[in-house]
1. Consider region 180-195. How many of its residues are open to solvent by less than 60 Å² (accessible area, probe 1.4 Å) and either touching a residue at least 60 places away in the same chain (Cβ under 8 Å) or part of a strand (DSSP E or B) (or both)?
2. Looking at region 51-71, I want the residues that are among the aromatic types (Phe, Trp, Tyr) and have a partner that is surrounded by 10 or more Cβ atoms within 10 Å (Cβ to Cβ) with Cβ atoms under 7 Å, at least 6 apart or on another chain. Which pairs are those?
3. Determine if region 65-84 includes at least one residue that is more than 19 Å from Val155 (Cβ to Cβ), touching a Gly at 6+ places or on another chain (Cβ under 6 Å) and not basic (Lys, Arg).
4. Take the residues in region 131-143 that are touching a residue at least 24 places away in the same chain (Cβ under 8 Å) and either hydrophobic (A, V, I, L, M, F, W, C) or in a helix (DSSP H, G or I) (or both), then tell me which one is most open to solvent (accessible area, probe 1.4 Å).
5. Is it the case that region 150-162 has a residue that's open to solvent by 50 Å² or more (accessible area, probe 1.4 Å), farther than 30 Å from Gly61 by Cα, among the β-branched types (Val, Ile, Thr) and part of a loop (DSSP other than H, G, I, E, B)?
6. Touching a residue at least 24 places away in the same chain (Cβ under 8 Å) and in a strand (DSSP E or B): which single residue out of His173, His166 fits that description?
7. Suppose we filter region 40-62 for residues that are of a type outside the set (Gly, Ala, Ser) and modelled with pLDDT under 95; how many remain?
8. Only one of Val27, Val11 is hydrophobic (A, V, I, L, M, F, W, C) and closer than 26 Å to Leu84 by Cβ. Can you tell me which?
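The values are calculated or read from the model by the stated rules, or taken from the named source; none is laboratory data. What you see is a predicted model, and the numbers here were worked out from it, not measured in a lab. Note: ideal-geometry Cβ built from the backbone for every residue, glycine included; neighbour counts use all protein chains shown. For accessibility, only protein heavy atoms count, side chains too; no ligands or nucleic acids. Shrake-Rupley method; radii C 1.70, N 1.55, O 1.52, S 1.80 Å.
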Amino acid sequence: MSRFDDYAYAVIASYRHDPSLNGLNLVEAAKKLRGADSLDAQIETILEIERHGGASGVFHGMNEADLQAFMRHPNTMIACDSGLREFGKGVPHPRGYGNNARVLGHYVRELKVLRLEDAVRKMTSLPANTFHFKSRGLLREGHWADLVVFDPEKVTDNATYADPHHYPTGITHVFVNGVAVLENGEHTGAKPGMALKHRVISAAKGD
């Protein structure tokens, strides 16, 4: 069967009821639980997972050519929707550890899909301006001093789908609100960050 005829594209990231299934796709999980990997066995496995509280997953459905085309668009921003990760727990999506490092290392340095300047803009000033975060996203007097110091020749995403719990390398210093939180690759223990709030003003309706 192809990836569109079964659930091999769906990988179990974290399943509290049976952590031994973490990292297996649904075809592999069905084989382990039921001794069969038929479509019926996969569906029964999904239903069983739901009966026991559900699970989080990683879903492989993106097209690399489409990804690169979207990435080149001048209004595409680069960010990650990963939640906070407990190091070593489960088999989460590797983007939680290396999203931006992958762009800088793989798509900028290796594939040259983007210039370094464009990639940095898509990670900083573009989202800050788009979401109206004032005094952020640019190196400018009077702005908040949120800085990342990295080596463009060394920055690398080390997280993989099979083994995601690895931090990126090539990032030496990070400053949040002017306070060092990463020095020479080591966390300082400082926690100077704060929540960013944006007040939404709704337009008044005319008569």
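1. Summing the residues that are open to solvent by less than 60 Å² (accessible area, probe 1.4 Å) and either touching a residue at least 60 places away in the same chain (Cβ under 8 Å) or part of a strand (DSSP E or B) (or both) in region 180-195 gives 3.
2. Cβ pairs passing all conditions: Phe59/Tyr9; Phe59/Ala10; Phe70/Thr76.
3. no
4. Here is the first cut: in region 131-143, the residues touching a residue at least 24 places away in the same chain (Cβ under 8 Å) are 131-133, 136.
Right, trim to either hydrophobic (A, V, I, L, M, F, W, C) or in a helix (DSSP H, G or I) (or both) and you get 131, 133.
Values: Phe131: 109, Phe133: 66 Å².
Applying the filter and picking the extreme gives Phe131.
5. no
6. Numbers: His166 fails: in a strand (DSSP E or B).
Residue meeting the stated conditions: His173.
7. Looking only at region 40-62, we keep the residues that are of a type outside the set (Gly, Ala, Ser), and these are 40, 42-52, 58-60, 62.
Subsequent filtering for residues that are modelled with pLDDT under 95 retains 58-60, 62.
Going through region 40-62 one residue at a time, the tally reaches 4.
8. Values: Val27 fails: closer than 26 Å to Leu84 by Cβ.
Criteria check complete, one pass: Val11.
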